[in-house]
Every structure is written in C-alpha cells, then in structure tokens.
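Data first, discussion second: the structure below is written as structure tokens.
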Amino acid sequence: MTGSVIVAESAAAADIADTKAAPEIKIFDELRFGASGSIQTGHDHEAGVFPEVEVLFNPFGYNPTDNWKDQLLRPRIHLGTSIGTTDTAATQVFTGLSWTLTHSNGIFTEAGFGGTVHTGNLDDWTKDGPMLGCRLLFHEYAGVGYNFDNHWSLMAQVAHSSHANLCDGPNAGMTRAGLLVGYKF
C-alpha cells in the first residue's frame, strides 16, 4: 500500500508541475504605436502626420522561435487605427492577418492583409486628398523591424488601402509610410 501512495503522490506532483508550466493565456500579444505620413504626391497627397495604434492577437499560436514554415502557418490578427490630423487626411480603422518572419540578429519582416473603413473623400473633385470611391477598402502592409529584446521592437512599414476597382468611383488609394514601436507581452 505504501508503494501505491508514493506512485499516486508522484503522479499528482507531475500533474501540478505540468499545470504550472502551461503557457499563460493573454488577451493580446503585442501593442504597437507610432506615426506615419502620406507618400503620395500631387492631388492625392494627404497632409499631416498620422498617429497609429495597433494591437496584435495570437489565437493560432505564433512563436517567433519556430521555423519559418511554422511562422507562416500561424498568422496573428491585427486591429488598429491611423488617425488623420488635417481636413484632407482620412482616419482609418483596420483589421486583418499579419505574418511575421523572425530572422537572425533580431531582424524580422512582416506582411499583413485585411480591410479598413475610413473617413476620407469618396468622390468630391473639389477637395484635396485621394478620392477613395467607397468606405470599405482593402488594407495591406509590409515592414521590416528589429527586436531589441523579448519585449521591445521598432518597425518601419509601408501601408496601402484601396478598393482594387471592386466598387464604383475613383480608386486613388492611400499609401503611407511610418515607424512603429512595439511592446510584446
């Protein structure tokens, strides 16, 4: 009987150790904040600076230490906003999927695809800024960044939003470039 008690206690201790080693569930994986500016020229240029905030969620188990194939199979979900600060600049709220590839020496590359809703000019030829045709647009971005440690990063990105000629009206799109500081939880 003593042997049964020892085996049962060992099994219970192993279960407790496994429970303690389980990963912590997080509401979101990373918070990014920064600013961008329009890189379009002429009538399609948006004046001002665009403060940006983005949250990344990790429901598919993305792990930056996995091999590149596993990283591509596990995108994160992004949700963010880019705030127009002048009357010719559109505010956007966007969401979609982000694929991040971690390289050596802390460098990473990232691409994202999804959709956005915006407050910009639809088809008024008398206003400055791009004519966007409809409120719902595709939103995609590409970036390269550097992880300073397990928490802090800096990323340069170019983002574009347009409707790909899938709705009536003009399709000048919005193209912006900027820097984002990230904090991974």
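The values are calculated or read from the model by the stated rules, or taken from the named source; none is laboratory data. Just so you know, these numbers come straight off a predicted model, no measurement behind them. Neighbour counts are summed over all protein chains in view; Cβ atoms, including those assigned to glycine, are modelled from backbone coordinates with ideal geometry. The accessibility values were calculated without ligands, DNA or RNA, using every heavy atom of the protein model including side chains. Shrake-Rupley method; radii C 1.70, N 1.55, O 1.52, S 1.80 Å.
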Largest-first ordering by accessible area, 1.4 Å probe, given options Phe50, Phe28 = Phe28, Phe50
query = Can you work out ³J(HN,Hα) from phi for every residue in the range 78-83, in order, using Karplus 6.51 cos²θ - 1.76 cosθ + 1.60 and θ = phi - 60°, giving whole Hz and x for Gly and Pro?
reply = 10, 9, x, 9, 10, 9
ask   = Largest first, what is the accessible-area ranking of Arg135, Arg76 with a 1.4 Å probe?
value = Arg135, Arg76
remark   = With every protein chain in place, the accessible area of Ile39 for a 1.4 Å probe, in Å² rounded to the nearest 10, comes to 90
remark   = So for R0 = 41 Å, FRET eff. of Asp87-Tyr183 from the Cβ-Cβ r, to 0.05, ends up at 0.80
request  = Using a 1.4 Å probe and ignoring any ligands, DNA or RNA, find the accessible area of Lys69 and quote it in Å² to the nearest 10.
outcome  = 120
query = Picking from Thr91, Thr41, Thr119, which is most flexible by a Gaussian network model of the chain using Cα springs under 10 Å?
reply = Thr41
request  = Return the sequence-ordered ³J(HN,Hα) values of the range 45-62 in whole Hz as given by the Karplus equation 6.51 cos²θ - 1.76 cosθ + 1.60 applied to θ = phi - 60°, using x for Gly and Pro.
outcome  = 5, 9, 6, x, 10, 10, x, 10, 9, 9, 10, 10, 9, 10, x, 9, x, 4
Per residue accessible area of the range 110-185, 1.4 Å probe, in Å² = 50
ask   = How high is the relative contact order of the range 55-185, in percent, counting Cα pairs under 8 Å that sit 6 or more residues apart?
value = 17
note = Taking protein heavy atoms only, a 1.4 Å probe, and rounding to whole percent, the accessible area of the chain owed to carbon and sulfur comes out at 65
task = Using amide H atoms built 1.01 Å from N in the peptide plane, name the residues 5+ places from Gly129, or on other chains, whose amide H lies under 5 Å from its own.
result = His45
ask   = For Phe108, which sequence-distant residues (separation of 5 or more, or a different chain) have an amide H within less than 5 Å of its own amide H, given hydrogens modelled in the peptide plane?
value = His103, Gly145, Tyr146, Asn147
Local electrostatic count at Asp128 - Lys and Arg +1, Asp and Glu -1, tallied over other residues with Cβ under 12 Å = -3
ask   = Add -39500 (n - 2.57) for each DSSP H run of 4 or more in the chain, then divide by its residues: what number comes out at 222 nm, to the nearest 500 deg cm²/dmol?
value = -4500 deg cm²/dmol
